[in-house]
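The values are calculated or read from the model by the stated rules, or taken from the named source; none is laboratory data. Since this is a predicted model, take the numbers as computed values, not measurements. Neighbour counts are summed over all protein chains in view; Cβ atoms, including those assigned to glycine, are modelled from backbone coordinates with ideal geometry. These accessible areas exclude ligands, DNA and RNA; they are computed on the full protein's heavy atoms, side chains included. Shrake-Rupley method; radii C 1.70, N 1.55, O 1.52, S 1.80 Å.
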Amino acid sequence: MAGFAGRLARCWYSGFLRSPLQVPALGLHVGGPAMQTSQKDFNNAVSQLKLLKEDPGNEVKLKLYALYKQATEGPCNVPKPGMLDFINKTKWDAWNALGSLSKEAARQNYVDLVSKLSASSESPSPEAPAADRKQPESDSLVVTSGDGITTIRLNRPTKKNALTTQVTPSARESILLVLSRLFHSKTMYHDIIAALQAASKDESPITVLTGSGDYFCSGNDLTNFTSLPAGGPEEMARSSAVLLRDFVNCFIDFPKPLVAVVNGPAVGISVTILGLFDVVYATDRATFHTPFSHLGQSPEGCSSYTFPKIMGSSKAAEMLLFGKKLTAQEACAQGLVTEVFPDSTFQKEVWARLKAYSKLPPNAMRISKQIIRDREKEKLHAVNAEESNVLRERWLSDECMNAIASFLSRKSKL
Ligand SMILES: CCCC/C=C/CC(=O)SCCNC(=O)CCNC(=O)[C@H](O)C(C)(C)COP(=O)(O)OP(=O)(O)OC[C@H]1O[C@@H](n2cnc3c(N)ncnc32)[C@H](O)[C@@H]1OP(=O)(O)O
């Protein structure tokens, strides 16, 4: 008993000792507190900038651009653009003007400038976890960490959080946002992949996917199919299939508890991936449907395998073949949803519960997830690859092209 108590005490103390200087093998940072704070402040400032309500004006934007480049890349190290390349030359001049200013000083100046500008930044909703860390992402995806939860929030409410494969300008787009996107990935799919990869290594025990506004997500943005790459429809289908496979793989491989907070209706791929989540909480306003046949498409997100397993083959067929829309209660009865909450108390109840769960020992939760999920992974990867290949063909079919053309010409709502 004494030996056990001693071991317990040693673990307890080593846990404490680890926190000030964290261990690189665990994907965490090393270095003194001043260094950590400065980088963290810089990352926060980069995120905070996107929440500014007022356009700070071109002069300030240029200064921010120059400081960002200096802080991340050091002194200007690229050739001067030609006289006619006016915008890039102006940016180059601003960066070059910082001379040999150190990265640390540039970071500090950047943080100071953003904190002066951010008086009017948005405040988070009271129920959501306190955001003590916000990661760089596009305007359409907001990633925050706090209270032991990393929250990945789809943030295109005017388009029902449809998932883009293109950079789509938003209403409050500014040069500043365009510039900030130059440093980050291009599309919502890529941003979600990056956010999941970062979350898999961060300190939060729990990761959540949710949406802004009245929808959870309306699935793939059907306008993705309208801007063809140089290789034509074949190249569009090929690259979309690769993106789809990579996207779904991230959910299959995600190592920590992954929770969907379904704040409203869900369509298409936002429904199918739910079979790869550990827990799905839904408002009673949510609905779930996969109109693949209507779109001349076929199942993805491993749903051809997970749905029959979760709800039985005949219920799965009704959803996946006929596009039957389930209410939240029905989805819960079928096992796709864990629990349904009244819309009026949904946010409050769900976040309170998740905050409590996030205090459970993180390693125990990871290991339990591993035991539950690992034996299925190989199968899921094979299913994902097959579904992506089949869809590649489907996207080139007349059935699919006609259905998308019909949506885009507003003839049908799905
Ligand atoms: C590369 C990986 C590919 C993975 C493939 C995945 C397959 C799928 O996800 S299939 C599912 C695709 N999604 C749909 O078919 C949904 C299409 N949208 C609708 O049927 C309706 O918009 C709605 C039922 C979701 C909402 O209808 P409601 O009347 O309430 O609102 P709207 O006025 O229609 O929508 C507002 C606004 O948002 C635009 N929008 C909504 N969903 C999408 C979407 N999926 N793609 C593109 N745009 C969408 C809609 O057009 C409206 O835009 P405007 O205000 O500009 O008209």
How many of the residues in the stretch 210-245 are away from the ligand (no atom under 15 Å from the Cβ) and at pLDDT 95 or above?
1
Within the stretch 246-261, of all residues that are touching a Leu at 6+ places or on another chain (Cβ under 8 Å) and either touching a residue at least 60 places away in the same chain (Cβ under 8 Å) or of a type in the set (V, I, T) (or both), the one nearest to the ligand (Cβ to nearest atom) is V248
Can you tell me which residue among V390, V350 is in a helix (DSSP H, G or I), at pLDDT 95 or above and open to solvent by less than 50 Å² (accessible area, probe 1.4 Å)?
V350
Residues of the stretch 196-219 being touching a helix residue (DSSP H, G or I) at 6+ places or on another chain (Cβ under 6 Å) and within 21 Å of H381 (Cβ to Cβ), in sequence order, are L196, T207
Strands (runs of 3 or more DSSP E) contained in the stretch 255-307 and holding at least 1 residues closer than 18 Å to L222 by Cα
287-289
Filtering the stretch 308-323 down to residues that are open to solvent by 40 Å² or more (accessible area, probe 1.4 Å) and assigned to a helix (DSSP H, G or I), which residue is nearest to the ligand (Cβ to nearest atom)?
E318
Can you tell me which residue within the stretch 175-209, out of those that are at pLDDT below 85 and either part of a loop (DSSP other than H, G, I, E, B) or in contact with a Ser or Thr (Cβ under 7 Å, 6 or more places away or on another chain) (or both), is nearest to Q370 (Cα to Cα)?
S185
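Residues are listed down the side, and each one gets a yes or a no for (1) more than 15 Å from the ligand (Cβ to nearest atom); (2) open to solvent by 40 Å² or more (accessible area, probe 1.4 Å); (3) under 18 Å from the mean Cα position of the chain (by Cα); (4) closer than 28 Å to S406 by Cα:
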| site | (1), (2), (3), (4) |
| --- | --- |
| G264 | no, no, yes, yes |
| P291 | no, no, no, yes |
| E300 | no, no, no, yes |
| K325 | no, yes, no, yes |
On the basis of being farther than 25 Å from L163 by Cβ, modelled with pLDDT under 75 and in a helix (DSSP H, G or I), does K89 make the cut?
yes
